[in-house]
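My questions will all concern the structure given below.
The values are calculated or read from the model by the stated rules, or taken from the named source; none is laboratory data. Note that this is a predicted model, so its numbers are computed, not measured. So basically every Cβ, Gly included, is an ideal-geometry build from the backbone, and we count neighbours across all protein chains shown.
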Amino acid sequence: MASNIIKGNSMWKYTLIRLRRNYLAVAGFVVIALLILVAVFAERIAPYGYSDQDYMMIRKSPSAAHWLGTDEFGRDVLSRLIYGSRISLQVGFIAVSISLVIGGAIGAVAGYFGGKTDNILMRIMDVQLAIPTILLAIVISSALGPGLFNLMVAVGITHIPNFARLMRASVLSVKGMEFIEAARAMGATHKRIILMYIMPNSIAPVIVQATLSVANAILFAATLSFLGLGIQPPYPEWGGMLSAARPYLRGNSYLSIFPGLAIMITIVALNCIGDGLRDALDPKQKR
């Protein structure tokens with residue numbers, strides 16, 4: 001089936017072949033696929049509800065009844081991690097989608113039209129890049145208030161310049177090619193040229209950046225939740241769970257170890273996928 005999908009497109013065919021040879025990238029895909037399945041079927045997988053409290057089991061170490069222990073309210077840590085995967089993955093993918101759509105559009109327009117349009121749009125992006133990203137995310141989250149949607153918007157806005165500059169550079173390398181000139185000669189509109197010819201041939205490096213940015217977005221979301229600007233209790237989020245575990249680092253270190261491991265494993269898996277895509281899409285490595 002996969003061969004039928006990529007038939008007739010040698011670039012993506014050879015990219016898929018090289019990607020399958022990268023065992024770290026394949027392992028990353030497996031980990032992320034498992035996390036997505038866990039998030040989708042959280043109600044069936046989790047042994048308890050994420051807000052179920054048992055005051056007779058407050059801060060109990062891992063046991064047969066609670067594999068990863070319980071927190072300060074007697075809630076099952078494993079169940080909260082399972083439900084928390086929904087929020088972390090949702091924030092990561094949707095926030096990057098916001099950055100990709102807006103930043104990609106800005107970069108494509110700036111690179112294609114050039115001149116004053118390019119200067120104005122890129123100077124706006126430069127101003128945003130001059131602000132530390134975590135500070136900008138904190139300011140946006142503080143202005144919008146805590147919540148899932150506001151968290152995704154805050155994280156998404158901080159990554160827009162990265163996609164805009166990358167798309168612009170990619171468009172600049174493509175727009176002077178012969179098939180673009182042929183499209184102009186045939187009377188194609190600017191919109192059609194950008195959407196049908198330039199962007200499909202400029203998207204490869206943006207895909208790699210998007211994969212790596214999902215890891216950064218999850219880390220940003222965890223940071224904001226750790227600071228109290230993300231998802232609010234009782235909804236579980238890995239960064240929020242880390243923040244809540246701070247007072248118990250000495251006596252109940254497992255409360256911070258397991259959410260930290262969840263964040264670390266997810267980010268490492270996404271980085272492995274991003275590195276694999278970067279190597280697979282690198283024309284210098286084509287054989």
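Can you name the condition, by its number, that ASN252 falls short on among (1) in a helix (DSSP H, G or I); (2) farther than 26 Å from PHE149 by Cα?
Unmet for ASN252, out of (1) in a helix (DSSP H, G or I); (2) farther than 26 Å from PHE149 by Cα: (1).
Looking only at region 31-64, which residues are farther than 17 Å from ARG86 by Cα and either without any contact (Cβ under 8 Å) to a residue 24 or more places away in the chain or assigned to a helix (DSSP H, G or I) (or both)? Spell out the reasoning first.
We begin by selecting, within region 31-64, every residue farther than 17 Å from ARG86 by Cα; these are 52-64.
Answer for region 31-64, where residues must be farther than 17 Å from ARG86 by Cα and either without any contact (Cβ under 8 Å) to a residue 24 or more places away in the chain or assigned to a helix (DSSP H, G or I) (or both): GLN53, ASP54, TYR55, MET56, MET57, ILE58, LYS60, SER63, ALA64.
Got at least one residue in region 246-257 being at pLDDT below 85, under 23 Å from GLN90 (Cβ atoms) and not aromatic (Phe, Trp, Tyr)?
Looking through region 246-257, none of the residues is at pLDDT below 85, under 23 Å from GLN90 (Cβ atoms) and not aromatic (Phe, Trp, Tyr).
Same structure, new question: Name the helices (runs of 4 or more DSSP H) wholly within region 93-163 that hold at least 3 residues that are touching a residue at least 60 places away in the same chain (Cβ under 8 Å) and under 28 Å from GLY228 (Cβ atoms)?
Numbers: elements: 115-129, 133-144, 148-158.
Filter on region 93-163 gives 133-144, 148-158.
Let me ask something else about it. Consider only pairs whose beta carbons are under 8 Å apart and that are at least six residues apart or on different chains; among these, list those whose first residue lies in region 251-271 and is closer than 17 Å to GLY74 by Cα and whose second residue is outside any helix (DSSP H, G or I) and among the polar types (S, T, N, Q).
ASN252/SER61; TYR254/SER61
From the residues in region 65-91 that are of a type in the set (Val, Ile, Thr) and assigned to a helix (DSSP H, G or I), which one is farthest from VAL155 (Cα to Cα)?
So in region 65-91, the residues of a type in the set (Val, Ile, Thr) come out as 70, 77, 82, 87, 91.
After this cut, where a residue has to be assigned to a helix (DSSP H, G or I) as well, the list is 77, 82, 87, 91.
Working: VAL77: 26, ILE82: 22, ILE87: 13, VAL91: 8 Å.
Within region 65-91, the match that is farthest from VAL155 (Cα to Cα) is VAL77.
Check PRO200 against each of (1) at pLDDT below 80; (2) outside any helix (DSSP H, G or I) and name the one condition it does not meet.
Going through (1) at pLDDT below 80; (2) outside any helix (DSSP H, G or I) one by one, PRO200 breaks only (2).
Within region 236-257, is even one residue surrounded by fewer than 21 Cβ atoms within 10 Å (Cβ to Cβ), among the β-branched types (Val, Ile, Thr) and closer than 19 Å to TYR50 by Cα?
Scanning region 236-257 turns up at least one residue that is surrounded by fewer than 21 Cβ atoms within 10 Å (Cβ to Cβ), among the β-branched types (Val, Ile, Thr) and closer than 19 Å to TYR50 by Cα.
Sticking with this one: Can we say ALA27 is more than 22 Å from SER256 (Cβ to Cβ), under 21 Å from the mean Cα position of the chain (by Cα) and surrounded by fewer than 12 Cβ atoms within 10 Å (Cβ to Cβ)?
Working: more than 22 Å from SER256 (Cβ to Cβ): yes; under 21 Å from the mean Cα position of the chain (by Cα): yes; surrounded by fewer than 12 Cβ atoms within 10 Å (Cβ to Cβ): no.
In short, no.
Given SER173, SER202, which one is closer than 30 Å to TYR23 by Cβ and among the polar types (S, T, N, Q)? Outline the logic, then answer.
Details: SER173 fails: closer than 30 Å to TYR23 by Cβ.
That would be SER202, the only listed residue that is closer than 30 Å to TYR23 by Cβ and among the polar types (S, T, N, Q).
Looking only at region 64-80, count every residue that is surrounded by fewer than 22 Cβ atoms within 10 Å (Cβ to Cβ) and within 24 Å of the chain's Cα centre (by Cα) and tell me the total.
Number of matching residues: 1.
For region 203-244, give me each residue that is outside any helix (DSSP H, G or I) and more than 26 Å from ALA164 (Cα to Cα). Working first, answer last.
First pass over region 203-244, keeping only residues outside any helix (DSSP H, G or I): 203, 227-237.
Correct list: LEU227, GLY228, LEU229, ILE231, GLN232, PRO233, PRO234, TYR235, PRO236, GLU237.
Shifting gears a bit: Among the numbered conditions (1) hydrophobic (A, V, I, L, M, F, W, C); (2) at pLDDT below 90; (3) surrounded by fewer than 17 Cβ atoms within 10 Å (Cβ to Cβ), tell me where ALA108 comes up short.
For ALA108, the exception is condition (3).
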